[in-house]
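> I'd like to ask you about the structure that follows.
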Amino acid sequence: MFPQGDTRLLGVWDRMQQLQVDFCLPFELAFYDRCSAWLEARSVLDVGSGNGYYIEQLSKRFPDKHYTGIDLSAPLVDIARNRPGSVAHTFQCTSLSNFDGSTEFDVVMLRLVLQHLDDIAQALEDCARHSAAGTTLIVIDAFDSFRAFDPPCDELAALFDAFRRHQASQLRNRDVGSAIERLLPSQTRWEFASREQLRISSHGERHRLFAENYALFIDLLEVGTTLDWDYPKVRDAWNRWCTIPWGCMQVGLDVVRLVAR
Ligand SMILES: C[S@@+](CC[C@H](N)C(=O)[O-])C[C@H]1O[C@@H](n2cnc3c(N)ncnc32)[C@H](O)[C@@H]1O
């Protein structure tokens, strides 16, 4: 699903990662601004840093940290390394499991990554290798129960449900926050600190960002997965929905904070 050599998939992911930061980050900042461990952190590991846009935007607001991004997609890491300002950060093409464990960070982040992995417990253990006692792990992932369309867009809602089932059939759980809470008793290194949900709406200038992002999401499922679907039909329905001036879509983010023992 993530780009290695396929240029169409790379273009889709590069743009979607930017759009999703642009419409979500203003809401996420409310969390960061209240998180003392984040405000005090000097070294940050962003696991699955993609095209580096999230680090770029975060570092503009929080320039007092050194950011390290790791990602298994070589072309996305290339894009990250070529961003203006990227020399201040470190980007490495590696999977989390292969990342050299000799460095510890004040904060480790997993944003929109765990939903794509088939072993969340192993990922948490891998993150613990880069954490000293007191390190904070910030997990930001989808919270699908907040997803809503007004007026309804049944075709896109049905595609989302099919995608959730498709991912579940490959042991990928989109309800990452609940999965972590269930797993915690078996995690010796991580202690639960907080969980909250953010509701992000497409009102105002975000309308066009949502419109483009979910058009690309349809393309992504068509070119990047084996999910068999009537894509032209859902694309038509979404394009029509986007022309409704008062139409509003909401999506949710789950923000889970763990602290290393
Ligand atoms: C949905 S994107 C999120 C990118 C970025 N965190 C953001 O929020 O914009 C997920 C990223 O995780 C990367 N990824 C997936 N599995 C990984 C793994 N095991 N180790 C490192 N990166 C991984 C993918 O290549 C992709 O760039």
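> Checking MET109 against (1) part of a strand (DSSP E or B); (2) touching a residue at least 60 places away in the same chain (Cβ under 8 Å); (3) in contact with a helix residue (DSSP H, G or I) (Cβ under 7 Å, 6 or more places away or on another chain); (4) within 15 Å of the ligand (Cβ to nearest atom), which single condition isn't satisfied?
Going through the list (1) part of a strand (DSSP E or B); (2) touching a residue at least 60 places away in the same chain (Cβ under 8 Å); (3) in contact with a helix residue (DSSP H, G or I) (Cβ under 7 Å, 6 or more places away or on another chain); (4) within 15 Å of the ligand (Cβ to nearest atom), MET109 breaks only (3).
> Same structure again: Out of everything in the range 112-123 that is aliphatic (A, V, I, L, M) and closer than 21 Å to PHE31 by Cα, what residue ends up being farthest from the ligand (Cβ to nearest atom)?
LEU114
> Next up: Filter the range 200-254 down to the residues that are free of Cβ contacts under 8 Å to residues at least 60 places away in the same chain and in contact with a Phe, Trp or Tyr (Cβ under 7 Å, 6 or more places away or on another chain) and list them by number.
Those that are free of Cβ contacts under 8 Å to residues at least 60 places away in the same chain and in contact with a Phe, Trp or Tyr (Cβ under 7 Å, 6 or more places away or on another chain): TYR214, ALA215, GLU222.
> So which of ARG189, ARG174 ends up being among the charged types (D, E, K, R), in contact with a helix residue (DSSP H, G or I) (Cβ under 9 Å, 6 or more places away or on another chain) and within 26 Å of THR226 (Cα to Cα)?
ARG174
> Yes or no: the range 204-211 includes at least one residue that is at positive phi and either modelled with pLDDT under 95 or surrounded by fewer than 17 Cβ atoms within 10 Å (Cβ to Cβ) (or both).
Yes: one or more hits.
> Could you check the range 83-106 and list, in sequence order, the residues that are under 16 Å from the mean Cα position of the chain (by Cα) and in contact (Cβ under 8 Å) with a residue 40 or more places away in the chain?
Listed by number, the list holds a single entry, LEU96.
> When the range 98-111 is examined, which residues are found to be under 25 Å from ASN173 (Cα atoms) and surrounded by fewer than 20 Cβ atoms within 10 Å (Cβ to Cβ)?
Of everything in the range 98-111, those that are under 25 Å from ASN173 (Cα atoms) and surrounded by fewer than 20 Cβ atoms within 10 Å (Cβ to Cβ) turn out to be ASN98, PHE99.
> Could I ask something else about it? Read through the list (1) within 19 Å of the chain's Cα centre (by Cα); (2) free of Cβ contacts under 8 Å to residues at least 12 places away in the same chain; (3) assigned to a loop (DSSP other than H, G, I, E, B), then give the number of the only condition that ALA168 fails.
(3)
> Among the residues of the range 88-97, is there at least one that is near the ligand (Cβ under 8 Å from one of its atoms), part of a helix (DSSP H, G or I) and surrounded by fewer than 17 Cβ atoms within 10 Å (Cβ to Cβ)?
Yes, the conditions are met somewhere in the range 88-97.
> While we're looking at this one, here's another question. Limited to the range 139-151, what total is found for residues that are among the small types (Gly, Ala, Ser) and away from the ligand (no atom under 11 Å from the Cβ)?
2
> Here is a further query. Consider the range 60-87. How many of its residues are closer than 19 Å to THR135 by Cβ and more than 8 Å from the ligand (Cβ to nearest atom)?
Residues meeting the conditions: 7.
> Now for a different question. Can you find a residue in the range 75-94 that is under 16 Å from VAL139 (Cα atoms) and either small (Gly, Ala, Ser) or modelled with pLDDT of 95 or more (or both)?
Scanning the range 75-94 turns up no residue that is under 16 Å from VAL139 (Cα atoms) and either small (Gly, Ala, Ser) or modelled with pLDDT of 95 or more (or both).
> Another question about this same structure. Of all residues in the range 161-178, how many are buried (at least 17 other Cβ atoms within 10 Å of the Cβ) and hydrophobic (A, V, I, L, M, F, W, C)?
Total satisfying the criteria: 2.
> Given the criteria among the hydroxyl-bearing types (Ser, Thr, Tyr), modelled with pLDDT under 95 and either in contact with a helix residue (DSSP H, G or I) (Cβ under 9 Å, 6 or more places away or on another chain) or away from the ligand (no atom under 16 Å from the Cβ) (or both), does THR136 qualify?
In short, no.
> Evaluate the following for ARG195: is it within 23 Å of LEU19 (Cα to Cα) and surrounded by fewer than 17 Cβ atoms within 10 Å (Cβ to Cβ)?
So ARG195 does not fit the description; no.
> On the basis of being of a type outside the set (S, T, N, Q), crowded, with 17+ Cβ neighbours inside 10 Å and in contact (Cβ under 8 Å) with a residue 24 or more places away in the chain, does ALA260 make the cut?
Yes, satisfied.
> Would the range 198-214 turn up any residue that is aliphatic (A, V, I, L, M) and under 30 Å from HIS130 (Cα atoms)?
Scanning the range 198-214, I find at least one residue that is aliphatic (A, V, I, L, M) and under 30 Å from HIS130 (Cα atoms), so the answer is yes.
The values are calculated or read from the model by the stated rules, or taken from the named source; none is laboratory data. Note that the structure is a prediction, hence the values are computed from the model and not measured. Cβ coordinates were reconstructed from backbone atoms using ideal geometry, including for glycine residues, and neighbour counts include every protein chain displayed.
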